[in-house]
Each structure stands twice: as structure tokens, then as C-alpha cells.
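Written below as C-alpha cells is the structure these notes are about.
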Amino acid sequence: MTASLPAGVLLAFYGDDFTGSTDAMEVTAFAGLRTILFTRTPDADDLARFADYPVIGIAGTARSRSPEWMDEHLRGPFRALAALSPRILQYKVCSTFDSSTNIGSIGRAIDIGDAIVDGAWSPSIVGAPQLGRWQVFANLFAAAGADRYRIDRHPTMSRHPVTPMKEADLRLHLAAQTDRSILSIDVAALANGTAMKAAAHARHQRGTVVFIDVADDATQAEAGRLVWEGGDGSVFSASSSGLQYALVAHWRRTGLLPATAESFPPMPPVDRLLVLSGSCSPVTAEQIDVAEANGFETIRLDVAKAIDPAAAPLEIERIQRAIDAALGRVAGVVVFAAKTIDDPAFAALRALATERCIPFSEAQDAIGRTLGLIAAEAVLRLGLRRLVVAGGDTAGRVLEASPVTALEIAYPLGKGAPVCRCHSRSPEFDGLEVVLKGGQLGEPSLFLDARGES
């Protein structure tokens, strides 16, 4: 008799930003598991429409929020997902694990979620070699181009404008955000066969967070086994999409999933593409430069006007006119706020936030909301059928400005940045295709590829 996965919801997740949520959705969808991602907490009608989906997610914005915001806003989505009785309820975090005590606190999210799930332990998988992330002896490493760095020495993440990573040992990093006991199951235990015993020991310490190393294919599949077979009932897991990759690896190794899933259809090209970027990653900057060198027009957002409530409407009108004119000449347009944290616009934004006595995260949030209004108006005004949004926080603000209720994978594109099809009660947005790209993800040609040029 062929083994199979149990019926019902296998995995439910809340993504702490939108780009990370589509990254997580991509893994299970491409493995052959129907996956739906809601842009807001779903109601009974929404859930009924996708009742046969084994993986259900909600995309959120907690990564850029305070612990107080989490206290007020996370319990509802967690309870809605827990009501589906999933085997695993995940708080999906970025694979760089960047967070702090006052912004995007992963520790606070664990405290809230674990109390709702009431699981025996809280395993965490962050490493995902598919994304250039590795965890060894609880220390996180990440790629930057062809090089690998410990996360606290990574050229981008160590200088993140809001949540810079100053500690690579995730046990120490998380300990600043929660009083819970924190353990790890390292590559040595995974290799010598003592990992399951270590997991059993951790489960006897109610509420313990346990980081599980992932360094290669073998440790990834074993990490998936520990979470899937490591206890009775539901568990709450604060993990990157490394959890999805690990579960799929285990399910395939044990025959619960076929080694390969049916392929998605090839992506058709579009005649016009709008890209909106609030990212300051060098990866995104290179993608903008490559697009511009290959015929895209670039339009720089005036960040000072974008965060000024009085000036923002006029700035939006200026950008809209520029987009209309550009798309009359070329097939692709990029609207961006700043390319990197060394961009003068970034320094100007930080200076303005200081001058006006507002947190820098709020200034960035205003940039995202402005780009969201620009995107929504462009879809309505121009009838666009595909958008690309770069930057996790920006993607959240763009989707919040639209009447989109859910996303589903349509086509593969770059790793961690698939093309998603929108579900909406508004005909202008139903079927709209969006690529939500994290700042650190994608090949240099991603924006060209998203138009269907290669």
C-alpha cells in the first residue's frame, strides 16, 4: 500500500511580510500541494472556497511592526489558522532572521502563537540552501553573490536600515526577544543519529524553542523528519521557508510525495510591465540597473514629498504621468525610492525622519503606502495585467492598497519570487499577476524575465 499524506490542512502559516509569504507558498505549490495565500484574515466564505487546499497562509506585515502591534493584531490570524487544525502552525520569518526587540520581534510572535497552539515544543528551521542560507551550530550564514558570510558580517544584513543583524548565533539573537528556553539540534546530532532523542528531550520542556541546523540535502530532510514526526498534535514553529523545504524533502524521502511534481505551464510575456521598488538591497539595485540597460525606463520617487501628507498627492500625480508617458515609449518601467542604503535619497529620508521626529520605520512605511497607491491606480488606469514589487514591507503596502483577497502560484520565475495570480471580487484585479520579490532575492535579469523577455 502506497503511503500518503493525511487529509486536511497539513501546514498553515502567517507570513511576517508579503514577499516571504510568496516564497513559502512557492515551495509547497511547486511540490504539488495546492497552496493558497490570503492577503487578510479569511472569513468563512473565503475558507470554503479553498477548503480542499492542504496548505493555507496569510500574508502579513509583522516584520516591520512593534511588539505592541503584534499583541493586538497577531492573535486573530493565529486563531483563524489554528481553527483549521493544521499539523503545523508556522510564523513564517525571513531567512535572514533579522528582527529586534522593538521591530519585528520573532520572540514576541512565538510567545503569542505558542500560547494559542499549546504545543509541546516550538521547533525552528531557518537554513535553506536553495536560497543561499545555511545554519551550522545555530549560527546563520547567507550568500551575497558568489560569497558566503556569517549573517552578522553579511554586507547587507549587518547594515539593514531597521533591523541590522549583529549576532549570528540565533539562540543569542532570539534570547533578547523572549524569556523562553532556547536549545539547538546541531549538524553533529543530525549526523550521528541522536537528533530525535534530543528532540524528545526538548519536548519535555514545555514551550522550548529548538533551532535545527540545515547545511545540505541530508540535514534538510532530517530536520523535516524531526518536525513532522517529532511529537503528537500540533506544533507552533517560527521558521523561514526552510521549514517548507525541509518538510518537502522529508515527504519525498519517505514516499509521501512524489520526487517531482507536475510542472507549471510556461509564463506568457506581457506587453507592459510596471516594477515598484522600496528595497535598498544591492541585489535589487543590480536588477534595476540591468533593466535600465535593456530598455526599461526608471523613475525616481521623491522621498521627501512621498512622506509629506501635503505633498504626496502631487508626487503621486507626477509619477502617474511619468509612468503613462514611459509606457507609451517602452515596455517596462521601474519606479524606485532608493537603490541602496548608500543612495543619497536614503540618507535624505533618514534625515527627514529625524527632523520630523518620526521613527525611520514609519518613514519607510509611508514610502510603501505611496507606492501602493501608485500601483493600484496604474492597474485601474492602464489595465495592467502584471506587476513586480521589490521589498518585503513595500509588497505588503502595495497589496493592502488593492482589493486582492488571495494569491496563488501561476508560474515559476526566480527562486523565492514566483509569479502569483490574484483572486479578487474586483474584476480589474481578479487574475492580475504579481511578483513579490524580497530585496535579497533574484537573478540580475529578474525584471526582464518577469516581462517574458528571455
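The values are calculated or read from the model by the stated rules, or taken from the named source; none is laboratory data. All values derive from a computational prediction rather than experimental measurement. FYI the Cβ positions are ideal-geometry reconstructions off the backbone, even for glycines, and counts take in every protein chain you see. SASA here: full protein model, heavy atoms, side chains in, ligands and nucleic acids out. Shrake-Rupley method; radii C 1.70, N 1.55, O 1.52, S 1.80 Å.
Some observations on this one:
- Wholly enclosed strands (runs of 3 or more DSSP E) of the stretch 88-179 bearing at least 1 residues touching a residue at least 24 places away in the same chain (Cβ under 8 Å) and under 24 Å from SER234 (Cα atoms): 88-92, 121-124
- Test set (1) in a helix (DSSP H, G or I); (2) of a type in the set (Gly, Ala, Ser); (3) more than 25 Å from ASP71 (Cβ to Cβ) - GLY8 fails condition number: (1)
- Taking the stretch 344-454 and the helices (runs of 4 or more DSSP H) fully enclosed by it, the elements with 3 or more residues that are open to solvent by 30 Å² or more (accessible area, probe 1.4 Å) are at 344-355, 360-382.
- Taking the listed residues ASP271, ASP308, the one that is surrounded by fewer than 18 Cβ atoms within 10 Å (Cβ to Cβ), of a type in the set (Asp, Glu), over 21 Å from the mean Cα position of the chain (by Cα) and modelled with pLDDT under 90 is ASP308, with no other qualifying.
- The one condition in (1) surrounded by fewer than 20 Cβ atoms within 10 Å (Cβ to Cβ); (2) in a helix (DSSP H, G or I) that ASP52 fails to fulfil: (2)
- Residue satisfying condition, being in contact with a helix residue (DSSP H, G or I) (Cβ under 6 Å, 6 or more places away or on another chain) and either closer than 25 Å to GLY107 by Cβ or buried (at least 17 other Cβ atoms within 10 Å of the Cβ) (or both), within set ALA29, ALA12: ALA12
- The stretch 5-18 residues that are touching a residue at least 24 places away in the same chain (Cβ under 8 Å), paired with ones that are open to solvent by 30 Å² or more (accessible area, probe 1.4 Å) and of a type outside the set (Ser, Thr, Tyr) (beta carbon under 6 Å, 6 or more apart): LEU5/LEU256; VAL9/LEU84; LEU10/ARG87; ALA12/LEU84; ASP16/ARG63; ASP17/ARG63
- Qualifying residue in the stretch 254-265 (condition: assigned to a strand (DSSP E or B) and open to solvent by less than 60 Å² (accessible area, probe 1.4 Å)): no
- Of everything listed in (1) over 25 Å from ILE409 (Cβ atoms); (2) part of a loop (DSSP other than H, G, I, E, B), the single unmet condition for PRO269 is (1).
- Within the stretch 195-217, residues that are in contact (Cβ under 8 Å) with a residue 24 or more places away in the chain and in a strand (DSSP E or B) have Cβ atoms under 6 Å from residues that are of a type in the set (Gly, Ala, Ser) and surrounded by fewer than 18 Cβ atoms within 10 Å (Cβ to Cβ) in these pairs: THR208/SER181, counting only partners at least 6 apart in sequence or on another chain.
- Boolean, ASP46 is of a type in the set (D, E, K, R) and within 22 Å of PHE236 (Cβ to Cβ): no
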